[in-house]
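The values are calculated or read from the model by the stated rules, or taken from the named source; none is laboratory data. Because the structure is predicted, anything quoted here is derived from the model rather than measured. Neighbour counts run over all protein chains shown; Cβ positions are idealised from the backbone, glycine included.
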Amino acid sequence: MRHTQVKGEASMEIRSILFPTDFSVTTKNTAAFAADLALKYGAKVYILHVIYDIARDSGWYGAPLQLDTVYDDIRKSAMEEMERVSREAFGDGIEVEKVIKIGIPYSDILKFSDDNSVDLIVIGSHGKKGLDRVIFGSTVQKVLRRSKCHVLTVRERQ
């Protein structure tokens, strides 16, 4: 296990990396960072996709049956995307576990990180602004503020 020296005596051990993704434009670049770090530290990578649960967030009690069908379709597409990302970014030398959840993205990212004792979260930053940010909030900002572990944000290549 490799360690990194950080300011004086402190060192950081990275055994597991959480790579949450929404398959947006930052995915490829963020996956490359996660893969590079995983190779350097011999770390396991969790690829996590959280399907936004509109029923839970809206306060509905019991989602209509049509939502279950929609979530199944989204889950199937998300797994296909995860397989593609995993194939393209992570080689045979990296242990990868793919996970799909239905929930509120920032909340489920933090819960997964805590439940699995993740050492580092590597997450893409979209840089949303204006009304988009007001309405949806920033998942990345919430993860940064509330995470118990280190978080590396990766911007889209300019």
Flagged in segment 108-146 as at pLDDT 95 or above and small (Gly, Ala, Ser), in numbering order, are Ser113, Ser117
Please enumerate the residues belonging to segment 76-91 that are among the basic types (Lys, Arg) and either in contact with a His (Cβ under 8 Å, 6 or more places away or on another chain) or more than 19 Å from Lys44 (Cα to Cα) (or both). Lys76
Pick out the one residue from Ser24, Ser86, Ser117 that is farther than 20 Å from Lys148 by Cβ, outside any helix (DSSP H, G or I) and among the polar types (S, T, N, Q). Ser24
